Amino acid sequence: MKSWLGVVALCLLSVSARAGPLTNGKIAFTSDRDGNDEIYVMNDNGSGQTNLSNNGASDYNPAWSPDGTRIAFTSSRDGNNEIYVMNANGSGQTNLSNNGASDHNPAWSPDGTRIAFVSQRDGNGEIYVMNANGTGQTRLTTAVAADGEPAWSPDGTRIAFQSFRDGNNEIYVMNANGTGQTRLTNNVAVYDVEPAWSPDGSRIAFASNRDGIGQIYVMNANGTGQTRLSNNAVFDTDPTWSADGSQIAFWSDRDGNNEIYVMNANGT
């Protein structure tokens, strides 16, 4: 069975965060099948779909801890979006960020000690990092436009993210301490979003509408070799790698509503 790096979230603005390799063979995802966004988990063949969060507010952006024992997620249950964590069975749901502004899109560091996330406490969406218990919240980016979708490299030394600082969304990468922020994509009047590192750190999958509609692409970790993987008439987005790098999960509305799909890492 495949084990998945992170999650797939069923909302275009509710994008998944990625974590290190798992061995529990589970996929966490967001679904509104019960009337509001909730965190679900299922086996990697689609069976055993179970609601974990069970809350009247919106719960989304699930992200597995590297050891597969916890899930970080975003919840609006306290009146604004906050970063929460729960055990893999849904127990022990705890607010980590405790901030008056919106905090969302958690992403675990590969060693499980830190969580990167997006916060709007300074007016724009910026990338922050905190310890896994919620302490030590530190701002990493200071752009005047929105930064989002943090994704740790497998070795924990870099964070890929999307930024609107150049007038349209592009994929950037920076060191884990916020230094060395470098643009990887360069496409005028399109969006490149939702970066996801391959398990070996050599490639980054992402979503782009450069060909007219959102599709899944992949590039080398330095931004070269940008290649389209999906080829569909409607949205394909939110890529997530399997732990062995052989497959990519994503969501697509090709059947009239958002569903989770999988493809080989070469797009077949």
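Quick note: the coordinates plus some simple rules give every number you see, no bench work behind them. Since this is a predicted model, take the numbers as computed values, not measurements. Cβ coordinates were reconstructed from backbone atoms using ideal geometry, including for glycine residues, and neighbour counts include every protein chain displayed.
What ³J(HN,Hα) values, in whole Hz, does the Karplus curve 6.51 cos²θ - 1.76 cosθ + 1.60 give for segment 117-133 when θ = phi - 60°, with x put for Gly and Pro?
Values per residue, Gly and Pro as x: 7, 9, 10, 9, 5, 9, x, 10, x, 10, 8, 10, 9, 9, 5, 5, 9 Hz.
Given the options ARG70, ARG121, ARG139, which has the most mean-square fluctuation in a GNM of the chain, springs set between C-alpha atoms less than 10 angstrom apart?
Residue with maximal mean-square fluctuation among ARG70, ARG121, ARG139: ARG121.
Hey, can you grab everything whose amide H is under 5 Å from the amide H of ASP44? Only 5+ residues off in sequence or another chain; H modelled, so Pro and N-termini drop out.
For ASP44, whose amide H was placed from the backbone, the distant partners under 5 Å are ILE27.
Which order, highest average first, do 47-55, 188-196 follow once you tally other Cβ atoms within 10 Å for each residue and take the mean per peptide?
188-196, 47-55
Karplus couplings for segment 89-106 from phi (6.51 cos²θ - 1.76 cosθ + 1.60, θ = phi - 60°), rounded to Hz, Gly and Pro as x?
9, x, 7, x, 6, 9, 6, 9, 8, 6, 10, x, 9, 7, 10, 7, 6, x
I'd like the Karplus ³J(HN,Hα) series for segment 228-237: coefficients 6.51, -1.76, 1.60, θ = phi - 60°, whole numbers in Hz, and an x wherever there's a Gly or Pro.
Computed from phi, the couplings for segment 228-237 are 7, 9, 9, 8, 9, 7, 10, 4, 10, 7 Hz.
Across all directions of projection, what mean area in square nanometres is found for the Cα convex hull of segment 180-268?
Averaged projected hull area, Cα only: 5.9 nm².
To two decimal places, what compactness ratio does the chain give when its Cα radius of gyration is scaled by 2.2 N^0.38 Å?
It is 0.90.
Report the antiparallel proportion of the DSSP beta bridges in the chain as a percent, rounded to a multiple of 5.
Among the beta bridges of the chain, antiparallel pairing accounts for roughly 95 percent.
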